[in-house]
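Q: The following block contains the structure, expressed as structure tokens.
The values are calculated or read from the model by the stated rules, or taken from the named source; none is laboratory data. Note that this is a predicted model, so its numbers are computed, not measured. Don't worry about glycine lacking a Cβ; one is built from the backbone with ideal geometry, like all the others, and counts go over all protein chains shown. Keep in mind that these areas ignore ligands, DNA and RNA; they rest on the heavy atoms of the full protein, side chains included. Shrake-Rupley method; radii C 1.70, N 1.55, O 1.52, S 1.80 Å.
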Amino acid sequence: MPFLRTDHWRCAIIHAPLTDLIRAGSLNGFAVTTLPDIGDHRFLADPFGLWRNGRLHVFAEAYDYRSPKGVIEVLVYDRTGRLIEREEVLREDWHLSYPYVFEHEEETYLLPEASASGRLTLYRATQFPLGWEKVEAFNFPEAAIDATPFHHAGRWWMFWTPAGTREERQSTLYLSVADDLMGPWTSLGLFLNDRAGARPGGTPIVVDGEIFLPTQDCRGTYGQGIRLLKIEGLERGLPKVTPDAVLDAPAVLRRRFPDGFHTLSAAGQVTLVDVKRVGFGPKRDFMNVKRRLGLG
């Protein structure tokens, strides 16, 4: 069987709020719970979470190298960090990842990366956490990658990367704005072109009056690390983006996963991350042919 170097991601819960981690400038010194290894040639990545009824719901991309696309799963934990349930919640004909989950006006929404579909689609929970429906009224004019919404100063702001060339997908940050989540959305254009951290990689958050956006450092390898961007001027409608601190993955995770760290998301009293090791895995095209022939 042909093999090649592949990315193997692992998600984890850091038992501290993201605000505390940013103030400390470090992810070390806090308890960590790793999400399960889901088997050979498979991984979970891009974790985002919400608490509901005393339980943490972690939404993540589930990817299998034997299949051409990711799906979205939810893993439910109690307050002690014990896994209660794991279920698939969203599958489409195209790849899904980066399941940005958030609440607004008593509704729960999911905004996954789905650029292979040619559009950005918003989903509304019909029976949280397992039931979701497309929100037809949502109108975003770009097939954005890792679109990250943020409600601030009475308006909606969307940080995103275009589905362009490989270089653009790993090095550019665009910003759009709308008065309403459904739109219409107006693009404010390119705000940053920098492989050291431009593509969104987590939850925008206000810390001591300052706004920070986690972004992915893609120098050397995709998702090498996390760099914070400081976001200013949203209140005046004159956004400014300034590179800020670099955060390393927790040392306890780097021992086994030393090659990447590309999601940093807030979930109340905990923070969600994913880390990577580069190893060997099955060549995807070969395994897809084998599957179609009924050989695996």
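Q: With respect to LEU234, determine if the residue is crowded, with 17+ Cβ neighbours inside 10 Å and either modelled with pLDDT under 95 or more than 18 Å from ASP248 (Cβ to Cβ) (or both).
A: In short, yes.
Q: Enumerate the pairs (first residue in segment 213-241 and over 20 Å from TYR100 (Cα atoms); second residue anywhere and among the basic types (Lys, Arg) and surrounded by fewer than 21 Cβ atoms within 10 Å (Cβ to Cβ)) with beta-carbon separation below 7 Å, excluding pairs fewer than 6 apart on the same chain, so at least 6 apart or on different chains.
A: CYS218/ARG195; ARG219/ARG195; GLU232/LYS240; GLY233/LYS240
Q: Among the candidates PHE48, PHE30, which residue alone is touching a residue at least 24 places away in the same chain (Cβ under 8 Å), open to solvent by less than 20 Å² (accessible area, probe 1.4 Å) and either of a type in the set (Phe, Trp, Tyr) or within 20 Å of TYR222 (Cβ to Cβ) (or both)?
A: Checking each option against the conditions leaves just PHE48.
Q: Considering segment 118-156 alone, what residues qualify as being part of a loop (DSSP other than H, G, I, E, B), out of contact with any strand residue (DSSP E or B) (no Cβ under 8 Å at 6 or more places or on another chain) and open to solvent by 60 Å² or more (accessible area, probe 1.4 Å)?
A: ARG119, GLU136, ALA137, ASN139
Q: Looking for whichever is in contact with a helix residue (DSSP H, G or I) (Cβ under 7 Å, 6 or more places away or on another chain), open to solvent by less than 60 Å² (accessible area, probe 1.4 Å) and not β-branched (Val, Ile, Thr) here; the options are TYR100, TYR65, TYR109, TYR77. Which one fits?
A: TYR65
Q: For ARG82, state whether it is over 13 Å from CYS11 (Cα atoms) and out of contact with any strand residue (DSSP E or B) (no Cβ under 8 Å at 6 or more places or on another chain).
A: yes
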